[in-house]
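Below: one structure, written as structure tokens.
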Amino acid sequence: MTLLWILLLPLLGTLVPVLTANWRRSACAMATAVPPAFALMILLYYGSAVFAGESLRYTLGWIPLLGLDISIRLDGLAFLFSLLILGIGLLIILYARYYLSEQDSMPRFYAYLMLFMTAMMGIVLSNNVLQLWLFWELTSISSFLLISYWWHKSEARRGARMALTVTGAGGLCLLAALLLLGQITGSYDLDVILASGAVIQQHGWYPLVLVLFLLGCFTKSAQFPFHFWLPNAMAAPTPVSAYLHSATMVKAGIFLLARFYPAMAGTDLWFLLVSMTGLTTLLVGAYLALFKHDLKGLLAYSTISHLGLITLLFGMGTDLAAVAGVFHIINHATFKASLFMAAGIIDHESGSRDMRKLNGLWHFMPITATLAMVAAAAMAGVPLLNGFLSKEMFFVETLQQHLLGSLSWIIPVLATVAGIFSVAYSTRFIHDVFFNGKPKGLTKTPHEPPRYMRMPVEVLVVLCILVGVAPGYIVGDLLHAASFAVLGTEVPEYSLAIWHGFNVALLMSIVALAGGALIYINRKHLFDFQNTLPGVDAITTFESIMKVLVKHCQQLYSWLDNGSLQRYLVFLLMGVVVLAGLPLLQLDTLFGGRPELPVDAVNATGAAMLLISAFATVVFHRQRVVALLMISVVGLMVSIAFTRFSAPDLALTQLSVEVVTIILLMLALFFLPHKTPKQSSPTRVIRDIGLASMVGVVIGSISYAIMTRPFSTISDFFLANSKTGGGGTNVVNVILVDFRGFDTFGEIAVLGIASLGIFKLLTRIPVFKPSSDGEGRPWALERHPVLLATVSQSLLPLALMVSVFIFFRGHNLPGGGFIAGLVTAVALILQYIAHGVEWVKSRMNIEYQRVVAVGLMVALVTGVASWLFNKPFLTSWFDYFDIPLLGKVELASAIAFDAGVYITVVGSTMLILASLGKMTTSHRPVHTESI
Amino acid sequence: MESLLAGCIGFLTACGVFLLLRGRTFPVVVGLTMLSYAVNLFLFSSGRLTLQGAAVLGTTDNYADPLPQALVLTAIVIGFAMTAYLVILAIRARADLGNDHVDGKLPGNESSRKESR
């Protein structure tokens, strides 16, 4: 649990600057620093355990079925990165306090910064790859917020968008890779994935997974050709550049390379992709850095180059190269963060970052100059500084590799070339800024920064020197623990000494130093040459590409989504045909072996009537009343089919629903046109017929295939237990009210909701009363025919009696709540039709929405009542009683539940029809009150 | 018999789908009703066809499968609720929009289509 606090504290820290926004600036900064400081203390507390080779874990179950847990793992690598994130983060908080001006909103900046810190901590501590990805995306988002911190500047907004697009796209690739990894290994647990390296690399998906994974890493770590977003992200405030774009976020991609090293590395494909990308990035970054006049631009390209160097090391595939990579992560973070902060100080105190204006600053800020020079020297790889050590290891490893077969000698040569340029741009940074004459055209006179603004730089520079002089003492344990975590096996022997004797690597260093100096001295020629090359404006190119992309997407979108529902339906139905039809193609024969029943004359006649009436419905669909009559025949035939095939309950239900539906559609025709205009083009009709036939063929075939296949059903359970467990012999009804009572409860709830929705839709509807039918004939004068009125009145008690009968016998014989409810509703509707709304209302003033509610409550209470007897919801109970006159009578709680169903069905049906019917009567109430 | 019923189901589906693809609301409602017949028959037939075998205990020794029947019974009632809702939506749409096209506007009006997107 304590482990979790390392992650939770920065998260809580996001709120601190917001809550202390009204405090003085220093107090706010100090309060913000408290949570990460505590997190750092907890981290250091675990240090000894981690250095001893343990990896600590903490898991909090969340959705175990989906493999989603909040899972934390602290091993050497995570420890190293956490140390960098929290340690440099604290220095950045201090630095930003002085860097931000009075006009900048400090709480907002700190809140974003802490959010970013949380995200980074989440990446390095995650032991679940989906959780890792979540934090990975959070870094993209928080980085977007931080880059666009000065959102009033156009370059900040554009840079932020670009960074988000590139890293976000990479994040999606990474998600795909992680999901595929989860599929291959069967787990999203990092431990499992790291342990199944062999399985992953032999899997057929490995090349795909690797490419997607590397796309994620390379976009985040600004590897060529995705490096262009990093220089444009320099529009961010300098603390952000120092923190995100040198020390932490751009290392996240590297971190993933290191983290998944045991699972993904070791194949030729890995070597090829990773090392070549790293090498290209190393060279391109180092070369371009030299020509940047902007201080931060130079540092940005230098960062790209160093990230390429680390990538190259991880791509070499030897254990020692990986150790060197880890070591360079530490060293680069220290010297590059301090250089960025120094650049920020220079910008802050002299008003410019342009190296053509900044000259001779040594006289104005000697201390800062010294610090910057030491850090730059470390960047160049000067002995006695940390950069020298890891660069030396890098050179040694380039000599050891055999990546390109007999051409492998190219790599050390190119590495030396990159080293030469690295020395050249470092020299330029030192010489152009601090010496080389006097400042030109600065708006203010440069001076030393406030004492505490310089302190973070001092701390980091001291570390550079300490590591450079006594590497074994300072970082030995850390490096060993982190390398152990990366490799997953014992760390090979290596020596962290300054002096390894005269060897080729030392020679390469010397060549680099000398060559760099030479290039810097003759830089004018190189600059002239570079100026003749056509310049590429990354941001404009990027934005024009994005514009084209968006345009094409919009075209595709408007083709797919042109606002026509018919078109969407066509797409959906095509999907149905394809998805349901393809499996049928693989079936040898539709017939499944179950003998067919013989066709007799009754069945044939019924089927013929069904087909004819369905066809007539389609043919006459423009004449809506005719179509309605035809489809009622279809419904009738369907209910006869139910009777024929031993489903009396269904037949009764279908019959009564049929009546209600046709009345409803008749009513609807009062408000809708009676004819459908001919609008579809012939081709469209043909297309629709074709599509409809295909769907029909597919569905019919599936139906036939199912019906002719032998099957085993779970219904034997219901048949066996219906009487003994449910107390009824009508199994269908017992299933409805007992076995699957909860389903039925849900269904009557849906029914009730639908009717209430209809009630609501019909209130305040714009009133229009057609005074005649579609062909201009006036409505019949006799509103309520006497014959109908008389008959319906005498029918009512009879119908009600029938419904009561159907209701009660339902448990044992065909019938039940649904059917009885529909019969009652039909009988009541008949009164409305015969006498009109007003007449019924004066005799039976019921608010049907209340009836619906009562019905649902009855069903609910019946279900809840079983709790009183310590039984689960809707447990049924029944017993037999001797009642005088009636004899032996069965009483079951299911009857009460069925009564709830009955009341709900009556209420809903009446609510629907009465609401609509009320509007058709010309004796409309003057004001639209509720029924 | 099975082939005949399967043919009927297929035909009802085809008719229902064709009507669903029409542009005015009322044929769509009719099509949906037709499609629900087909769906109900389809679900019901998945319990296989049985003659003289209503699932009432003690009446026969070859019971029809009661489970699809129970499912279809509620499906019929819910289907009614859905049809009703759709019809009322159609009425409301016509009252509010002045036409009964499923898109809420008559086709062939390219400019209004673009605006509404």
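Any residue in the range A:472-498 that's closer than 19 Å to A:Phe314 by Cβ: show its pairings with residues that are of a type in the set (S, T, N, Q) and not in a helix (DSSP H, G or I) at Cβ separation under 8 Å, as long as the two are six or more apart or on different chains.
Listed by first residue and then by second, the contacts come to A:Ala485/A:Ser55.
Could you say which residue among A:Ser693, A:Ser703, A:Ser680 is within 46 Å of the chain's Cα centre (by Cα) and at pLDDT below 85?
A:Ser680
Does any residue in the range A:16-41 that is free of Cβ contacts under 8 Å to residues at least 24 places away in the same chain come within less than 6 Å, Cβ to Cβ, of a residue that is part of a helix (DSSP H, G or I) and β-branched (Val, Ile, Thr) six or more places away or on a different chain, and which pairs are these?
The qualifying pairs are A:Ala31/A:Val16.
Those residues that are open to solvent by 10 Å² or more (accessible area, probe 1.4 Å) and farther than 20 Å from A:Ala641 by Cβ, I need them from the range B:1-23; list them, please.
Those that are open to solvent by 10 Å² or more (accessible area, probe 1.4 Å) and farther than 20 Å from A:Ala641 by Cβ: B:Phe18, B:Leu20, B:Arg22, B:Gly23.
Is it true that some residue in the range A:533-543 is over 30 Å from A:Thr416 (Cβ atoms) and not in a helix (DSSP H, G or I)?
yes
So which pairs qualify, if the first residue must be in the range A:698-709 and at the interface with another protein chain (Cβ under 7 Å from one of its Cβ atoms), the second must be of a type in the set (Phe, Trp, Tyr), the Cβ gap must be under 8 Å, and the two must be at least 6 apart or on different chains?
That search, which allows pairs on different chains as well, returns A:Ile699/B:Phe42; A:Gly700/B:Phe11; A:Ser703/B:Phe42; A:Tyr704/A:Phe591; A:Thr708/A:Phe591.
Looking at the range A:164-177, is at least one residue at pLDDT below 95, open to solvent by less than 40 Å² (accessible area, probe 1.4 Å) and within 27 Å of A:His348 (Cα to Cα)?
No, that holds for no residue.
Within the range A:730-742, count every residue that is at the interface with chain B (Cβ under 7 Å from one of its Cβ atoms) and open to solvent by 30 Å² or more (accessible area, probe 1.4 Å).
Matching residues across the range A:730-742 total 1.
Conditions first: (1) at pLDDT 85 or above; (2) part of a loop (DSSP other than H, G, I, E, B). A:Leu781 passes all but one, so which condition is the exception?
(1)
Could you check how many residues of the range A:619-641 are touching a Pro at 6+ places or on another chain (Cβ under 9 Å) and within 7 Å of chain B (Cβ to nearest Cβ)?
Number of matching residues: 3.
Can you tell me how many residues in the range A:831-861 are among the small types (Gly, Ala, Ser) and touching a helix residue (DSSP H, G or I) at 6+ places or on another chain (Cβ under 7 Å)?
Residues in the range A:831-861 being among the small types (Gly, Ala, Ser) and touching a helix residue (DSSP H, G or I) at 6+ places or on another chain (Cβ under 7 Å): 3 in total.
Across the range A:527-553, what is the total count of residues that are open to solvent by less than 100 Å² (accessible area, probe 1.4 Å) and under 39 Å from the mean Cα position of the chain (by Cα)?
Residues meeting the conditions: 14.
Suppose we filter the range A:657-686 for residues that are more than 7 Å from chain B (Cβ to nearest Cβ), in contact (Cβ under 8 Å) with a residue 60 or more places away in the chain and either touching a Gly at 6+ places or on another chain (Cβ under 8 Å) or surrounded by fewer than 16 Cβ atoms within 10 Å (Cβ to Cβ) (or both); how many remain?
3
Could you tell me how many of the residues in the range B:53-75 are more than 25 Å from A:Ile631 (Cβ to Cβ) and within 7 Å of chain A (Cβ to nearest Cβ)?
12
Against the definition (farther than 19 Å from A:Ile420 by Cα and touching a helix residue (DSSP H, G or I) at 6+ places or on another chain (Cβ under 7 Å)), how does A:Lys292 come out, yes or no?
no
Touching a residue at least 24 places away in the same chain (Cβ under 8 Å), within 19 Å of A:Glu847 (Cβ to Cβ) and in a helix (DSSP H, G or I): which single residue out of A:Leu761, A:Leu751 fits that description?
Result of the check over A:Leu761, A:Leu751: A:Leu751.
Quick one: in the range A:473-511, which of the residues that are loosely packed, with under 14 Cβ neighbours inside 10 Å and farther than 28 Å from A:Val423 by Cβ is nearest to the chain's Cα centre (by Cα)?
A:Gly488
Mind listing whichever residues of the range A:413-437 are of a type in the set (S, T, N, Q) and assigned to a loop (DSSP other than H, G, I, E, B)?
A:Asn436
Filter the range A:860-874 down to the residues that are buried (at least 19 other Cβ atoms within 10 Å of the Cβ) and either modelled with pLDDT of 85 or more or out of contact with any Phe, Trp or Tyr (no Cβ under 9 Å at 6 or more places or on another chain) (or both) and list them by number.
Those that are buried (at least 19 other Cβ atoms within 10 Å of the Cβ) and either modelled with pLDDT of 85 or more or out of contact with any Phe, Trp or Tyr (no Cβ under 9 Å at 6 or more places or on another chain) (or both): A:Thr862, A:Gly863.
Which number in (1) part of a helix (DSSP H, G or I); (2) more than 7 Å from chain A (Cβ to nearest Cβ) marks the one condition that B:Ala84 misses?
(2)
Residues that are open to solvent by 70 Å² or more (accessible area, probe 1.4 Å), within 24 Å of A:Phe340 (Cβ to Cβ) and not in a helix (DSSP H, G or I): does the range A:450-469 have at least one?
The answer is no; no qualifying residue exists.
Is it true that some residue in the range B:37-47 is open to solvent by 10 Å² or more (accessible area, probe 1.4 Å), assigned to a loop (DSSP other than H, G, I, E, B) and facing chain A (nearest Cβ under 7 Å)?
Checked the range B:37-47: at least one residue is open to solvent by 10 Å² or more (accessible area, probe 1.4 Å), assigned to a loop (DSSP other than H, G, I, E, B) and facing chain A (nearest Cβ under 7 Å).
Looking at the range B:19-30, I want the residues that are at the interface with chain A (Cβ under 7 Å from one of its Cβ atoms) and farther than 12 Å from A:Leu628 by Cβ and have a partner that is among the aliphatic types (A, V, I, L, M) and part of a strand (DSSP E or B) with Cβ atoms under 6 Å, at least 6 apart or on another chain. Which pairs are those?
Taking only residues 6 or more apart or on different chains, not a single pair turns up.
Checking the conditions here, which among B:Thr33, B:Thr13, B:Thr50 is of a type in the set (S, T, N, Q), under 21 Å from the mean Cα position of the chain (by Cα), within 7 Å of another protein chain (Cβ to nearest Cβ) and within 30 Å of A:Phe739 (Cα to Cα)?
On inspection, the qualifying residue turns out to be B:Thr33.
Any idea which of (1) open to solvent by 20 Å² or more (accessible area, probe 1.4 Å); (2) out of contact with any Pro (no Cβ under 9 Å at 6 or more places or on another chain); (3) assigned to a helix (DSSP H, G or I) is the one A:Leu399 doesn't satisfy?
(2)
Here is a list: A:Asp319, A:Asp268. Which entry is over 30 Å from A:Asn531 (Cα atoms), of a type outside the set (Phe, Trp, Tyr) and out of contact with any helix residue (DSSP H, G or I) (no Cβ under 8 Å at 6 or more places or on another chain)?
Testing whether each residue is over 30 Å from A:Asn531 (Cα atoms), of a type outside the set (Phe, Trp, Tyr) and out of contact with any helix residue (DSSP H, G or I) (no Cβ under 8 Å at 6 or more places or on another chain) leaves just A:Asp268.
Name every residue in the range A:805-859 that is open to solvent by less than 30 Å² (accessible area, probe 1.4 Å) and in a loop (DSSP other than H, G, I, E, B), in order of residue number.
Result: A:Gly810, A:His811, A:Pro814, A:Gly815, A:Gly816, A:Gly836.
Here is a check on your reading of the model: is A:Leu384 surrounded by fewer than 22 Cβ atoms within 10 Å (Cβ to Cβ) and either in contact with a strand residue (DSSP E or B) (Cβ under 9 Å, 6 or more places away or on another chain) or in contact (Cβ under 8 Å) with a residue 60 or more places away in the chain (or both)?
So A:Leu384 passes the test.
Out of all the residues in the range A:560-579, which are within 12 Å of chain B (Cβ to nearest Cβ) and either open to solvent by 100 Å² or more (accessible area, probe 1.4 Å) or polar (S, T, N, Q) (or both)?
A:Asn562, A:Ser564, A:Gln566, A:Leu572
The values are calculated or read from the model by the stated rules, or taken from the named source; none is laboratory data. Since the model is a prediction, treat every value here as computed from it, not as a measurement. Cβ sites come from the backbone with ideal geometry, for glycine too, and all protein chains shown count toward neighbours. Accessible surface is based on the protein model in full, side chains and every heavy atom, while ligands, DNA and RNA are left aside. Shrake-Rupley method; radii C 1.70, N 1.55, O 1.52, S 1.80 Å.
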